[in-house]
Amino acid sequence: MAKEAVGEGVGIRWRRRLHRARLGVRKAAVDYFRGGASDWAGLAVLVAAIPLLAYVSVVTPAWCPPSALVLPILAGGLLLRPASLLLLYAASAVALIAESATLGPYREGPARVTPGTVLEVTAVALTGLVIAQFRSRVGVPWRGGHTMLFDLRERIRVQSRLPRLPGGWHAEMSLRPAGGQSFSGDFVVATRSSGGRVLEAVLTDVSGKGMDAASRSLLLSGAFGGLLGSLPPHSFLPAANGYLLRQNWEEGFATSVHLVLDLETGDYELLSAGHPPGVQLHSGSGVWEQITAEGPLLGVYDGAEFHGVKGTLRSGDVLMLFTDGLVETAEREISEGVDRLIGEADRFIATGFRGAAWRLIEAVAKDVNDDRALLVVSRTHRAS
């Protein structure tokens with residue numbers, strides 16, 4: 001009995017040790033991917049690489065010049081913390097001195113430690129230190145920073161997806177950031193409310209453009225997506241205006257247009273907050289009509305009122321909503337840009353507007369250095 005008790009005790013201790021080891025490995029893995037793990041392993045590898053590079057430089061300087069020390073220094077700038085980076089730089093300086101003493105005066109051969117080599121290594125070291133300090137201040141690890149930016153971009157795209165519409169309806173949107181970047185100050189949020197009968201879509205243009213407006217655009221798209229469909233249609237823009245005012249941004253205004261469309265009758269209401277007018281094609285007459293709603297900019301003053309304008313989309317009708325980057329430039333007024341957009345849109349009347357949003361931006365404002373967005377809603381026939 002005593003032996004069995006001792007055996008069980010040993011088994012319990014080993015299971016506890018195994019459990020603690022498993023927890024330690026899991027914690028180390030989580031810390032690594034979050035960027036909070038210790039960098040001693042990386043520092044040890046890079047420090048060990050320095051004498052190896054120095055030895056190869058002394059033996060075969062033609063194939064491995066002294067300037068090869070920039071390789072571990074550059075890797076350290078991307079992987080290590082500033083304090084660890086200073087230790088790596090100290091080891092690099094010692095290796096550079098040893099190479100200089102071993103290879104002799106730099107005037108006696110090309111594969112020597114020249115003043116240019118010292119300047120090159122120093123410049124790369126300073127650059128790496130600046131990068132490491134920036135990462136330390138922001139708190140974003142190099143190995144995860146690009147993943148975070150990719151995730152943010154994908155979140156914006158997901159939030160901008162339009163819901164599936166019933167038969168007889170088609171909706172699409174296209175966003176084009178300024179300068180070919182991945183982030184835009186324009187965004188769209190949309191949902192179906194009232195049991196799926198009503199399509200609500202909000203097109204917003206945040207002040208600024210490209211990366212300057214990207215962070216505010218991401219924040220607002222999340223907030224607006226939460227408000228949309230949760231409030232009565234006429235309460236959305238006042239709530240959005242109050243949200244912007246509470247942020248106290250120096251450049252905190254935005255324009256926005258809110259479409260509320262009944263998918264059974266085709267009746268809609270358009271509410272605007274300082275946004276350019278929309279345009280509607282009346283298929284019966286082939287005439288484009290500007291739809292202008294009144295309302296102040298979002299984030300300017302409290303108690304703003306927004307008055308909508310009503311209309312109806314019948315079979316074959318098309319409604320286009322857009323931001324000012326699509327129709328306005330320094331050389332072109334909004335009215336001229338709207339006329340050009342309508343002229344290009346006429347080409348799609350016979351063939352339909354599927355895939356038209358992207359092509360219209362290409363035709364009207366391909367090389368414009370501003371964020372551009374276009375939302376197209378068309379009724380192909382009477383929905384049953």
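The values are calculated or read from the model by the stated rules, or taken from the named source; none is laboratory data. Predicted model only: the values in this text are computed from it and were never measured. Virtual Cβ from ideal backbone geometry, glycine too; neighbours counted across all protein chains shown. These area figures cover heavy atoms from the full protein model, side chains too; ligands, DNA and RNA do not enter into them. Shrake-Rupley method; radii C 1.70, N 1.55, O 1.52, S 1.80 Å.
What the table below lists for this structure:
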{"quantity": "Probe 1.4 Å - accessible area at residue 122, Å² to nearest ten", "calculated": "60 Å²"}
{"quantity": "Contour excess over end-to-end distance, with Cα ends at residue 60 and residue 44 and 0.36 nm allotted per residue", "calculated": "3.3 nm"}
{"quantity": "Sequence of 339, 39 when ordered by accessible area, the most exposed leading, probe 1.4 angstrom", "calculated": "339, 39"}
{"quantity": "Nearest-10 value in Å² for the accessible area of residue 89, using the 1.4 Å probe", "calculated": "40 Å²"}
{"quantity": "Under-5 Å amide H pairs with residue 169, H placed in peptide plane, nonlocal only", "calculated": "380"}
{"quantity": "Heavy atoms of residue 130 accessible to a 1.4 Å probe, total area in Å² rounded to 10", "calculated": "90 Å²"}
{"quantity": "Accessible area in the full protein assembly, largest first, 1.4 Å probe, for 60, 204", "calculated": "60, 204"}
{"quantity": "Relative packing of 347-355, 271-279, which averages over residues the other C-beta atoms within 10 Å, highest first", "calculated": "271-279, 347-355"}
{"quantity": "Accessible area in the full protein assembly, largest first, 1.4 Å probe, for 249, 169, 288", "calculated": "249, 288, 169"}
{"quantity": "Accessible carbon and sulfur surface of the stretch 75-128 relative to its total accessible area, %, 1.4 Å", "calculated": "73 percent"}
